[in-house]
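Participant: Take a look at the following structure, please.
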Amino acid sequence: MTATTWRLPPIPVLLAGVMLIACAEVGGASMAQWKLELTRWARGIMLARPQVHGLVGVRDVDEQILDEALVKFDAGLRLFHLHAEGMGTIIIVTTMVASSVVGHGALRRAIVLLITAGGAGYPLGYLLWSALIPFRGIARGKSVAEWLVWIPFGGAAIVAMWLLAGALAVQCVRSMRGRRESAS
């Protein structure tokens, strides 16, 4: 059995992962620092667009609708923070594995590109969703974020992970065959 020498992925890939984590931390700190201001801003826009949110002019009814939208608005910001931290780490770790273990150059480059682009883009969907909630509503904002960000970027990350898993499975099978042949 040969030891694997760990290789760093290209510097721009590492930069993308580290910058995504840094943006997550700034986003988390900003949410804590300006929670009240963000909530007031979103609420003001929602009140200016009653038809978008189904507001009927009855305080008891409207407050429930606004509360739900504001909870989703806050949740989208929190999900950006969490996903950006996680995907930044995933970009760094999986591209290091791909750079170190995947022997075929074109496959390695495809995996690194897909996981970097997909991983860096996916968390931005949560920011987009949160930004759209006051203007378009919860469902419409989510639909836009899904089609513009989550499906294409999340899809790229998923394809990359399956390609990496497949490449690792092939390496595993080859390694086991090599051990059996050398033991015979």
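Participant: If you go through region 150-184 one residue at a time, how many are surrounded by 13 or more Cβ atoms within 10 Å (Cβ to Cβ) and among the aromatic types (F, W, Y)?
Facilitator: Going through region 150-184 one residue at a time, the tally reaches 2.
Participant: Moving on to the next point. Pick from region 1-43 the residues that are within 30 Å of E181 (Cβ to Cβ), polar (S, T, N, Q) and touching a residue at least 24 places away in the same chain (Cβ under 8 Å): which of them is least open to solvent (accessible area, probe 1.4 Å)? Walk me through it before giving the result.
Facilitator: Here is the first cut: in region 1-43, the ones within 30 Å of E181 (Cβ to Cβ) are 1-7.
Applying the additional criterion that residues be polar (S, T, N, Q) yields 2, 4-5.
Imposing the further condition that a residue be touching a residue at least 24 places away in the same chain (Cβ under 8 Å) reduces the set to 4-5.
On the way: T4: 73, T5: 97 Å².
Out of the qualifying residues, it is T4.
Participant: Condition check: under 25 Å from the mean Cα position of the chain (by Cα) and either farther than 30 Å from R174 by Cα or free of Cβ contacts under 8 Å to residues at least 24 places away in the same chain (or both). Does D62 satisfy that?
Facilitator: Details: under 25 Å from the mean Cα position of the chain (by Cα): no; either farther than 30 Å from R174 by Cα or free of Cβ contacts under 8 Å to residues at least 24 places away in the same chain (or both): yes.
Here the answer is no, as D62 does not meet what is asked.
Participant: Give me the pairs, please: first residue somewhere in region 165-184 and in contact (Cβ under 8 Å) with a residue 40 or more places away in the chain, second residue anywhere and surrounded by 10 or more Cβ atoms within 10 Å (Cβ to Cβ) and not in a helix (DSSP H, G or I), beta-carbon distance under 7 Å, and either six or more positions apart or on two chains.
Facilitator: Hits for this filter: A167/V102.
Participant: Can you name the helices (runs of 4 or more DSSP H) wholly within region 44-149 that have at least 3 residues being open to solvent by less than 40 Å² (accessible area, probe 1.4 Å)? Outline the logic, then answer.
Facilitator: Values: elements: 50-53, 59-101, 105-121, 124-136, 138-145.
In region 44-149, 59-101, 105-121, 124-136, 138-145 are the helices (runs of 4 or more DSSP H) which contain 3 or more residues that are open to solvent by less than 40 Å² (accessible area, probe 1.4 Å).
The values are calculated or read from the model by the stated rules, or taken from the named source; none is laboratory data. All figures in this text were calculated on a predicted structure; none of them were measured in a lab. Using ideal geometry, Cβ is built from the backbone for each residue, glycine included, and neighbour counts are taken over all protein chains shown. The accessibility values were calculated without ligands, DNA or RNA, using every heavy atom of the protein model including side chains. Shrake-Rupley method; radii C 1.70, N 1.55, O 1.52, S 1.80 Å.
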